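A.B. asks: Below is one structure. I have some questions about it.
Please treat every number below as a calculation from the coordinates, not as lab data. Model, not experiment: these values are computed from the prediction. Note: ideal-geometry Cβ built from the backbone for every residue, glycine included; neighbour counts use all protein chains shown.
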Amino acid sequence: MKSRTEYLEFNTGKRVDFINITDDVEEAVRKSGVREGFCLVNAMHITASVFINDAEEGLLQDFAKWLEALAPHEPTTRYEHNLTGEVNGDAHIKRTVMGREVVVAITRGELDFGPWEQIYYGEFDGRRPKRVLVKIIGE
Amino acid sequence: MKSRTEYLEFNTGKRVDFINITDDVEEAVRKSGVREGFCLVNAMHITASVFINDAEEGLLQDFAKWLEALAPHEPTTRYEHNLTGEVNGDAHIKRTVMGREVVVAITRGELDFGPWEQIYYGEFDGRRPKRVLVKIIGE
Amino acid sequence: MKSRTEYLEFNTGKRVDFINITDDVEEAVRKSGVREGFCLVNAMHITASVFINDAEEGLLQDFAKWLEALAPHEPTTRYEHNLTGEVNGDAHIKRTVMGREVVVAITRGELDFGPWEQIYYGEFDGRRPKRVLVKIIGE
């Protein structure tokens, strides 16, 4: 069995942001030399997500707007968590809805994707350094 | 390490539908010859889901109704994504809530399931051909 | 390839509860002897979750409150599923939002976690025995 571990770093300028990381993950798969296996991609921070969806700007805006209605950032007093002094209670919930991780099949040395699948990093409490883990196992 | 890759195809008559695919996945596991490993099952399209829940018709209706309230199909002008000419902005969100994929343990040659676990394909923008990937790795 | 399978058991006193199971999973990883691989942790019941988030009591309360607003337990007549005689339609939905499973990378023999990642069991229809599966594969 082969394995490869990589860490991607992000520090977004905005509190909420979406970044297409498909190319980074594809490069990690190439470097791994794995032909048949699994690729795990997960946020290492609990106010950020990794998810798969469409590379379409309007849709990303829809997600941001829909999530804000579902778990509003303000009033920050809405969340018990914010009694800790943080103001990111909403971000913990938004990340949960969007998901921590994706597992993608590797077939014949490539991500085995449908026509529109793209891997996104979703940031809900940005403006600080954060990491994403890419772990590949297989043969 | 052994691996096996299968693609299931669906073309639902309804826009929103749920299909129990447990038997298909079990058959793929048998064919793989894997005794101990992981089975990944994921939608290859970004307006469809794979999830695990109960094979109970009332519950599936509850999911459909609850999702429709959470991310209504209409008015279609509600979603920026629909400015592309598509009218499936809601389906991208519904799929995200229900999940893209499941990873199931294989133990002694079988899906290692609790008493009520069943694997479902969730379609939120049907009436077109779509695929699900089943990828098995292990020994 | 090595593998290890463990089952954790829970029987919560409350209908809705969250239990930090990180230590149990870490112990399973140590016992597995796997240095590089994947660890799957999933609820084996369809009204319970496994998810990763912060070990902070206020946040857990926020999750419980937010989920109750999103899919209220009462009136129980709200859910078609409850026509079966059960009253846990809400729990099936809550578990879906929080997620069935997590897949965690194992690197150099340990869970490859960010600074705040903790694994939680989320119970939404407790006061009965339930199980969580921990499955580890790798080398």
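A.B. asks: Given Cβ point charges of +1 (Lys, Arg) and -1 (Asp, Glu) and nothing else, what value in debye, to the nearest 20, does the dipole of chain C about its Cα centre take? The partial results should precede the final answer.
C.D. replies: Values: 18 positive and 24 negative charges, 100 e Å.
Here chain C has a charge dipole of around 480 debye.
A.B. asks: In peptide C:121-130, how many Cβ atoms from other protein chains are near each Cβ within 10 Å, on average?
C.D. replies: 0
A.B. asks: Place the label 7 angstrom along Cα→C-beta at B:ALA55 and in each other copy, then list the distances from the first to the rest in nm, shortest first.
C.D. replies: 4.0, 4.0
A.B. asks: Using unit Cβ charges (K, R positive; D, E negative) and no other charged atoms, how large, in debye to the nearest 20, is the dipole of the protein assembly as shown about its Cα centre? The partial results should precede the final answer.
C.D. replies: Numbers: 54 positive and 72 negative charges, 150 e Å.
The dipole magnitude comes to about 720 debye.
A.B. asks: Compute the long axis of helix A:89-98 from its Cα atoms, compare it with the longest principal axis of the Cα atoms of chain A, and write down the angle in degrees, 0 to 90, nearest 10.
C.D. replies: Once rounded, one gets 30 degrees.
A.B. asks: Right, another one. What percent does the relative contact order of chain B come to when contacts are Cα pairs within less than 8 Å and at least six residues apart? Intermediate results must be reported in sequence, preceding the final value.
C.D. replies: Working: 294 pairs, mean separation 75.0, N = 139.
Averaging sequence separation for qualifying contacts and normalising by length gives 54 percent for chain B.
A.B. asks: Hey, how many Å between the Cα centroid of the stretch B:64-115 and the Cα centroid of the stretch C:63-108?
C.D. replies: 15 Å
A.B. asks: Shielding of A:56-68 by partners, i.e. mean partner chain Cβ atoms within 10 Å per residue? Before the final figure, lay out each step's value.
C.D. replies: Working: counts 8, 4, 8, 11, 2, 3, 10, 6, 1, 3, 10, 2, 0.
Taking all residues of A:56-68 together, the mean is 5.
A.B. asks: Continuing with this model, one more query. Using only Cα atoms and rounding to the nearest 10 degrees, what angle (0 to 90) does helix A:22-32 make with the longest principal axis of chain A?
C.D. replies: Helix A:22-32 sits roughly 40 degrees off the main axis of chain A.
A.B. asks: Now, a different point. Go through B:LYS94/C:LYS65; B:LYS2/C:LYS135; A:LYS130/C:LYS130 and tell me which ones have a Cα-Cα distance over 26 Å in this structure. Don't skip to the end; give the middle numbers.
C.D. replies: Values: B:LYS94/C:LYS65 22 Å; B:LYS2/C:LYS135 17 Å; A:LYS130/C:LYS130 35 Å.
Violating the 26 Å Cα-Cα cut-off are A:LYS130/C:LYS130.
A.B. asks: Counting only other chains, and only Cβ atoms inside 10 Å, what mean value do you get across the residues of C:37-48? Each step should come with its number before you reach the end.
C.D. replies: Numbers: counts 4, 9, 0, 6, 1, 9, 3, 8, 5, 12, 3, 1.
Average neighbour count from other chains, rounded to a whole number: 5.
A.B. asks: Turning to a different aspect of this structure: Helix A:57-70 versus the longest principal axis of chain A: what angle, 0 to 90°, nearest 10, using Cα atoms?
C.D. replies: Around 50 degrees separate the two axes.
A.B. asks: Report the net charge of residues surrounding A:GLY33, where surrounding means a beta-carbon distance below 11 angstrom and charges are Lys +1, Arg +1, Asp -1, Glu -1. Don't skip to the end; give the middle numbers.
C.D. replies: Numbers: positive: A:LYS2, A:ARG4, A:ARG30, A:LYS31, A:ARG35; negative: A:GLU139.
Surrounding charge for A:GLY33 is +4.
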